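Engineer: Here it is, the structure in full.
The values are calculated or read from the model by the stated rules, or taken from the named source; none is laboratory data. Values in this document were obtained by computation on a predicted structure and should not be read as measured data. Here the Cβ positions follow ideal geometry from the backbone for every residue, glycine too, while neighbour counts run over all protein chains shown.
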Amino acid sequence: MNVVNVLLILPAAGFLAVLLLPRSRPDAAKIAALAVSLAVFLLSLSIAAPVHGDGAELKFVTDVQWIASPDIRYHVGVDGLSVWLVILTALLTPICVLISWRYIERRVKEFYAFLLLLEVGLIGVFVAWDLFLFYVFWELSLVPMYFLIGIWGHERRIYAAVKFFLFTMAGSVLMLAAIIYLYLRAGTFDYVVLQEQMASGQLMLTTGEQLLLFLAFFLAFAIKVPLFPLHTWLPDAHVEAPSAGSVMLASVMLKMGTYGLLRFCLPMFPNAARQCAPWIIVLAIIGIIYGALVSLVQPNMKKLVAYSSVSHLGFVVLGIFTFNEIALDGAVYQMLNHGISTGALFMLVGFLYERRHSLEIADYGGVATPAPNLAAAFLITTLASIGLPLLNNFVGEFLVLQGAALVNFRWAVFAAIGVILSACYMLWMYQRAFFGETPEEVRSHVYDLRAREWAAILPLIALMLWMGIGTGAFLPPIQALNRTVLEQTKSNAEFLVKETPPRPPLRTENGAGAGRGLLNAR
Amino acid sequence: MPASLFPPYEDLLRILPEIVLTIAGTLVMVLEPALRPERKRLLGGIAIAGLLVALWGTAVANLFRGPAFHQMVVVDGFATFFRALVIVVGILAVLCSIHYLQRERPDSGEYYALVLFSVVGQSVMAAANELIMIFIGLEISSIATYVLAGYLRDDRRNNESAIKYFLLGSFATAFLLYGIAWIYGAAGTTNLVEIRRVLSTPELAPPRFLVGVSAALMFVGFAFKVSAAPFQVWAPDVYQGAPAPVTAFMSAGPKAAAFAIFLRVYMTAFEPISNRWEPVVWLSALATMFVGNFAALLQNNIKRLLAYSSIAHAGYVMVAVSAHSEIGTAAAMFYLAAYAFMNVGAFAVVTHFARQGEKYVDVDDLAGLGHRQPVTAALFSIFLLSLIGIPLTGGFFGKFYIFKAALEAKLYWLTVIGLLNSAVAAYYYLRILVVMYFHEPGEAAQTVSPVAPGVKIALWASAAGTLLLGIFPSVILDFADRSAALMK
Amino acid sequence: MPSSYPEQYFPIVLQIAIAMAIAGAMVAASYLLGKRVRNPVKDSAYESGMVPVGTARERFSVKFYLVAMIFILFDVEVVFLYPWAVVYRDLGLYGFLVMFLFFDLVLWGFYYMWKKGVLDWSEEPPRS
């Protein structure tokens, strides 16, 4: 049987199984969730190698009819873009189970059940190749996250949960309208068929249609990313969510947005995308700088990390909309990096919260003394997050900046400000929390990493290093895919070139080559 | 002459469900005074048995498709669909009622007879092919429902509800009847297919004005019955005041039947003038969605909230009607089926939770139900998520098909506004979820008793229906598709 | 055969005129010939035997309404019965069966209300 199906069925079965466990045995729920999610992770590794060869090709395909009329198909598969995101999701779920082990005390079995349901939704989003199926998983992932925030969150959890739900819902209903419209035009929800129809000119959208459809999709994704003026749900949701919720939200859910942009917005509506790109890039750059500046003044650790997410995802959006291969590679790489380093940050902040029950930076200080290992792990993660060379974020940010600079140098300059600021706020926070005088509360409450916590954080730290050094293990399928995406945006663009893309994307062969050479050298 | 007076037996088979239901209803009625009070719960069982036999009768009638009794009724897929739907709603409502009735008014069993008679009326409406039959069906159904709405006659809210429903309902029915009179005067027939023929033949066509007035008057009657704006004002008061299981029943059954006749009249008889009624329905759909959703945002009483939500959902179905296509009709049919399950389910929870005298009917009373009765709360969540329109529930596919039909009919603005409305609607449904799961258990949840067996069956059945329609919508949709095509 | 419009309605006009004349004549005759006795009871309006003075919101026993409804029910039954009897021979067995069914239903209704105590006018109804 196709592994991808198993990746969906296994957590779904786990969800039901955990729900049916007796309430009196919370440990059974934990163990079951851990076992299921670990099994999913191990299985997910098996999809990496085949896709590695050619990321542009769709592999592990299952295509069966779900509903006859209208023709909705259960069409799943993975390619170079989805493969890492699926593995990332599968990796983070057991880690989330681990970090919640002690923290979640109330209604334990529901928590793990929702976590597994969330995994189904997230993996489903990344492997769905039928637009309708994609929408189903997209909405499905909303429900468990809503409950995770609402039941197990902090004080203002209800507000945050409802806001999160309504923002996403408002964006996605328009996407549904666009999906139905596409179906009525093309007679299919199948993304592959749609692509073929568009490439062959069988389905030609007028400029106006393309623009409206693009905006409908874009809005849904931009809210999820979140792009600058639509980001306000994010800090609330992050701050109020339990650690596991924050981790899943930051590491995977936000990627749903950028994944959607890259998967659907660019190849399906290339002209509209090119038309809107300058505006979007401006918003992305505002997001980068704004997020960084707000982070700088945050007294609350989780909020700081949340706003830094706004900033980091600005890079991803910037990379996607430069229409430059290097920047695109960087954007995808940055999606993964952000998933790992910000996930780790939320996790570590969660560890601190478990000990000291505060998220205020001012309540900490000198944590390094009672908990040196925790401090070390936090330091590595911080450095990764600010993009220190040899750690993962550096690669992504560098590629994005390089690609952006090739297209428009000013974009790169402004975006680079964000990199500098990120170093400021992250290091400043680190300094305030971990160095200096150790207050009595910290001394008495904060203890060092336990074995379970080590188990949760070590894989991520290892990945930060591996992704920072061994890019060759991760980049090839992404590059292959991005080349295809760029081809698609061009092949579709042909008959509308007269629509004046505001700044024809500049693509110098040797520039691209130099970038790749640099990376391969390390 | 004498021998031919006997209707052919196929004709009788074509109205088998009505016959069965009438006999069952009469049986309940006659047995009621004969039984000792403590044995009156038997009547609920008889009612369910009667409804189940009627469901079988619907299937039998479906084998003998075609017109009966001089074209007065017609058995087609459309009729079968709605007959089955209203009967299923009847079953669920009776299941919810058994315990409720024992709690609130244990000494009487006419309740079940009234439910059965109401279902008879709705079933007639589903199969009626002629305006007089439509009217008769509507009256049978409505009069029984008026009485049901005020069934607990010592309860002030019940009284208010019944009298409001009765007065406004009669008024609206009068409009309908007046419209029927106009079209009979103009077209010279009350048969829907005949009217369609007359209207679409240029030589025979009566003055446009007369037909327009008639269609408008009938629209008033129908819009009232489906609680579409601007004739929706009765719904919140009536739904709030009526006994909870009755509200469950009348927000699903009579509404579905009313949509059935609405669709049949407008898609058959008035189809030739569709370009003239379409804007009216369009506007009404828009207003209904807005009124329902925005008023629901402010409600604290859960019955009232669900009443406004019911208005909003009528608005979505109106979107499908205004698409005036076979796909739109099929979408409306599917939606009504999905809506019946999720709404009856939601009201079943309210019935269960309200306790003696419907004490706990505020949203805040539900606080902590998720802790105290996780299964009930989980089922309620399924209904609420379906009402929001989250995938894998019937409500989602219902909305999807409706808006697909609307886009196909090029109703772009209506689609966008409708979808945004459904995002607004998420807020008030979420509020119930919030209270239920995120608040600490309050007094009401602390004292909640186990779910009564009847309500439990109704809950599980509704949830199963909701999920079935959400995961395998084809089971119903294919039938709806075929039936919608058969209508003319 | 009257042909024009007014001609068609002439008999009705005639009937109205005669009716008015007779009514007028009766009132006039009693006014002219009758002996006059004036007292408060006689001067008050005739209300079918009820005392017309007092609050208008007098409450009746619900039994009045029930009896009225039963009356209408059986009244309607009779209304059906007459035309049916006229064409009974033509309808034959079919007519017999249909009317039998109709009576059967009405009879069950009668049984129902009997058992419900509608016809029982004692102060305390035996049940429900």
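Engineer: Could you grab me the full set of residues in region B:20-36 that are facing chain C (nearest Cβ under 8 Å) and not acidic (Asp, Glu)?
Structural biologist: Of the residues in region B:20-36, the ones facing chain C (nearest Cβ under 8 Å) are B:26, B:29-30, B:32-34.
The answer is B:26, B:29, B:30, B:33, B:34.
Engineer: Quick test for you: out of A:208, A:171, pick the one residue that is surrounded by fewer than 24 Cβ atoms within 10 Å (Cβ to Cβ) and either farther than 26 Å from residue A:88 by Cβ or without any contact (Cβ under 8 Å) to a residue 12 or more places away in the chain (or both).
Structural biologist: Details: A:171 fails: either farther than 26 Å from residue A:88 by Cβ or without any contact (Cβ under 8 Å) to a residue 12 or more places away in the chain (or both).
Only one candidate qualifies: A:208.
Engineer: For residue A:123, state whether it is in a helix (DSSP H, G or I), under 19 Å from the mean Cα position of the chain (by Cα) and in contact (Cβ under 8 Å) with a residue 40 or more places away in the chain.
Structural biologist: Details: in a helix (DSSP H, G or I): yes; under 19 Å from the mean Cα position of the chain (by Cα): yes; in contact (Cβ under 8 Å) with a residue 40 or more places away in the chain: yes.
Criteria met by residue A:123.
Engineer: Tally the residues that are over 19 Å from residue C:62 (Cα atoms) and either touching a strand residue (DSSP E or B) at 6+ places or on another chain (Cβ under 6 Å) or more than 7 Å from every other protein chain (Cβ to nearest Cβ) (or both), restricting the search to region C:106-122. Quick ask: steps written out before the conclusion?
Structural biologist: Of region C:106-122, the ones over 19 Å from residue C:62 (Cα atoms) are C:106-108, C:111.
Filter again for either touching a strand residue (DSSP E or B) at 6+ places or on another chain (Cβ under 6 Å) or more than 7 Å from every other protein chain (Cβ to nearest Cβ) (or both), leaving C:106-107.
Total satisfying the criteria: 2.
Engineer: Output the residues belonging to region B:286-299 that are more than 10 Å from residue B:230 (Cα to Cα) and either surrounded by 24 or more Cβ atoms within 10 Å (Cβ to Cβ) or free of Cβ contacts under 8 Å to residues at least 24 places away in the same chain (or both). Steps first, please.
Structural biologist: Within region B:286-299, the first condition is being more than 10 Å from residue B:230 (Cα to Cα), and the residues that meet it are B:286, B:289-290, B:292-299.
Those that are more than 10 Å from residue B:230 (Cα to Cα) and either surrounded by 24 or more Cβ atoms within 10 Å (Cβ to Cβ) or free of Cβ contacts under 8 Å to residues at least 24 places away in the same chain (or both): B:289, B:292, B:293, B:296, B:298.
Engineer: Take the residues of region B:445-469 that are at pLDDT below 90 and more than 30 Å from residue B:43 (Cβ to Cβ): which is farthest from the other protein chains (Cβ to nearest Cβ)?
Structural biologist: At the first step, the residues of region B:445-469 found to be at pLDDT below 90 are B:445-454.
This time we only want the ones that are more than 30 Å from residue B:43 (Cβ to Cβ), so: B:445-446.
Details: B:445: 14, B:446: 17 Å.
The residue in question is B:446.
Engineer: For region B:40-54, check the following and say yes or no: at least one residue is in a helix (DSSP H, G or I) and more than 25 Å from the chain's Cα centre (by Cα).
Structural biologist: Taking region B:40-54 first, the residues in a helix (DSSP H, G or I) are B:41-54.
If we keep only those that are more than 25 Å from the chain's Cα centre (by Cα) as well, we get B:41-42.
For region B:40-54, residues in a helix (DSSP H, G or I) and more than 25 Å from the chain's Cα centre (by Cα): present.
Engineer: Can you find a residue in region B:65-74 that is surrounded by 22 or more Cβ atoms within 10 Å (Cβ to Cβ), in contact with a helix residue (DSSP H, G or I) (Cβ under 7 Å, 6 or more places away or on another chain) and assigned to a helix (DSSP H, G or I)?
Structural biologist: No, there is no match, as no residue in region B:65-74 is surrounded by 22 or more Cβ atoms within 10 Å (Cβ to Cβ), in contact with a helix residue (DSSP H, G or I) (Cβ under 7 Å, 6 or more places away or on another chain) and assigned to a helix (DSSP H, G or I).
Engineer: Which residue out of A:381, A:438 is assigned to a loop (DSSP other than H, G, I, E, B) and either of a type in the set (Val, Ile, Thr) or crowded, with 22+ Cβ neighbours inside 10 Å (or both)? Lay out the reasoning, then the answer.
Structural biologist: Values: A:381 fails: assigned to a loop (DSSP other than H, G, I, E, B).
A:438 is the lone residue from the list that is assigned to a loop (DSSP other than H, G, I, E, B) and either of a type in the set (Val, Ile, Thr) or crowded, with 22+ Cβ neighbours inside 10 Å (or both).
Engineer: Tally the residues that are surrounded by fewer than 20 Cβ atoms within 10 Å (Cβ to Cβ), in a helix (DSSP H, G or I) and either in contact with a Leu (Cβ under 7 Å, 6 or more places away or on another chain) or of a type in the set (Gly, Ala, Ser) (or both), restricting the search to region A:35-59.
Structural biologist: Residues flagged as surrounded by fewer than 20 Cβ atoms within 10 Å (Cβ to Cβ), in a helix (DSSP H, G or I) and either in contact with a Leu (Cβ under 7 Å, 6 or more places away or on another chain) or of a type in the set (Gly, Ala, Ser) (or both) within region A:35-59 amount to 6.
Engineer: Of everything in region B:409-439, what is in contact with a Ser or Thr (Cβ under 7 Å, 6 or more places away or on another chain) and surrounded by fewer than 21 Cβ atoms within 10 Å (Cβ to Cβ)? Give them in sequence order.
Structural biologist: Answer for region B:409-439, where residues must be in contact with a Ser or Thr (Cβ under 7 Å, 6 or more places away or on another chain) and surrounded by fewer than 21 Cβ atoms within 10 Å (Cβ to Cβ): just B:409.
Engineer: Just need a number here: residues in region C:57-86 that are loosely packed, with under 10 Cβ neighbours inside 10 Å, farther than 20 Å from residue C:113 by Cα and within 14 Å of chain B (Cβ to nearest Cβ).
Structural biologist: So the count comes out to 0.
Engineer: If you go through region A:147-170 one residue at a time, do you hit one that is under 30 Å from residue A:57 (Cβ atoms), of a type outside the set (Asp, Glu) and within 10 Å of chain B (Cβ to nearest Cβ)?
Structural biologist: Initially, region A:147-170 is screened for residues under 30 Å from residue A:57 (Cβ atoms), giving none.
No; the residues of region A:147-170 include none that is under 30 Å from residue A:57 (Cβ atoms), of a type outside the set (Asp, Glu) and within 10 Å of chain B (Cβ to nearest Cβ).
Engineer: Filter region B:410-444 down to residues that are within 10 Å of chain A (Cβ to nearest Cβ) and not in a helix (DSSP H, G or I), then give me how many there are.
Structural biologist: Adding up the residues that qualify gives 2.
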